[in-house]
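Here's the structure, in structure tokens; my notes come after.
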Amino acid sequence: MKERVLLVDDEVEFLEIMAERMRARDMEVTTSTSATEALSLIAAESYDAVIMDFMMPEMDGIQALKTIKEKRPEMQIILLTGHATVQKGVEAMKAGAMDFVEKPADLDALAKKIKKAHHQKAVIVQKQSQDKVIEALRKFGM
């Protein structure tokens, strides 16, 4: 099964190159040039991983990350940055990011992180489903 990835970056050329390289690795890739558009896509579709630029004009990656995690806690988010600092990395991880990667991203390493994200999301979704079944059984006194 192909990994479904949402790639979000305001740098169009970077976005196109990364999407092309990910597709060459047999991933299903959707792209977005803004966090706002990405939030709309996430509301409508499910992705195994969201790869998002940390610094974007209208909403930065941390704000978008927090919004996504509020609505879709199972979503696995990897933030990309061209200006990494330990402080930013810690902030991203505390906000729920799966990982924090410096640009230019090593695509082989990123592909491994996406496969890991796919697995982690599947585990979370399975647990959520089990919790719903248990809750339903409790309601019926079973």
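The values are calculated or read from the model by the stated rules, or taken from the named source; none is laboratory data. Predicted, not measured: the structure shown is a model, and the values here were computed from it. Virtual Cβ from ideal backbone geometry, glycine too; neighbours counted across all protein chains shown. The protein model used for the area step is the full one, side chains on, heavy atoms only, and it has no ligands, DNA or RNA in it. Shrake-Rupley method; radii C 1.70, N 1.55, O 1.52, S 1.80 Å.
So which aspartates and glutamates can Lys139 reach, going by Cα to Cα under 13 Å and dropping same-chain residues fewer than 8 places off?
The reachable aspartates and glutamates, counting only those whose Cα sits under 13 Å from Lys139, are Asp131.
I need the peptides 90-97, 102-109 ranked by packing, meaning the mean over residues of other C-beta atoms within 10 angstrom, with the highest value on top.
Working: 90-97: 16.1, 102-109: 12.9.
Put in order of decreasing packing, that is 90-97, 102-109.
Using 1/(1 + (r/R0)^6) with R0 = 35 angstrom and r between the beta carbons of Ile17 and Gln120, what's the FRET efficiency to the nearest 0.05?
Details: r = 26 Å, r/R0 = 0.75.
Calculated transfer efficiency: 0.85.
With log10 I(q)/I(0) by the Debye sum over Cα atoms at q = 0.10, 0.20, 0.22 Å⁻¹ as the read-out, I listed (i) -0.34, -1.20, -1.45; (ii) -0.48, -1.40, -1.38; (iii) -0.35, -1.09, -1.24; which label goes with the value calculated from this structure?
Only one option fits the structure, namely (i).
Would you mind telling me the share, in percent, of accessible area of region 70-142 contributed by carbon and sulfur at probe 1.4 angstrom? Walk me through the numbers before you get to the answer.
Values: 2800 of 4880 Å².
After summing per-atom areas, the C and S share lands at 58 percent.
Probe 1.4 Å, all protein chains in place: accessible area of Asp26 in Å², nearest 10?
90
Take every Cα pair under 8 Å in the chain that's 6+ residues apart, average their separations, divide by the length, and report that relative contact order as a whole percent. Write out the running numbers ahead of the final one.
Working: 199 pairs, mean separation 30.2, N = 142.
Relative contact order, the chain: 21 percent.
Sorted from largest to smallest, which semi-axis lengths in Å does the alpha carbon gyration tensor of region 20-72 give for its equivalent ellipsoid, taking the root of 5 times each eigenvalue? The partial results should precede the final answer.
Values: eigenvalues 78, 36, 17 Å².
Output for region 20-72: semi-axes of 20, 13, 9 Å.
Which FRET efficiency value, to the nearest 0.05, is calculated for Arg25 and Lys132 with the Förster distance at 41 angstrom and r the Cβ-Cβ distance?
Numbers: r = 34 Å, r/R0 = 0.82.
Efficiency, rounded to the nearest 0.05: 0.75.
What size of dipole, in debye to the nearest 20, comes out for the chain about its Cα centre when the only charges are +1 on Lys and Arg C-beta atoms and -1 on Asp and Glu C-beta atoms?
Values: 21 positive and 24 negative charges, 196 e Å.
In total the dipole reaches around 940 debye.
Got a number for the accessible area of Glu37? Probe 1.4 Å, square angstrom, nearest 10.
Per-residue accessible area (Glu37): approximately 80 Å².
Does anyone have the angle between helix 35-44 and the longest principal axis of the chain? Alpha-carbon axes, 0 to 90°, nearest 10?
Once rounded, one gets 30 degrees.
Taking 0.36 nm per intervening residue step and subtracting the Cα-Cα distance, what contour gain separates Ala43 from Val86 on full extension?
12.4 nm
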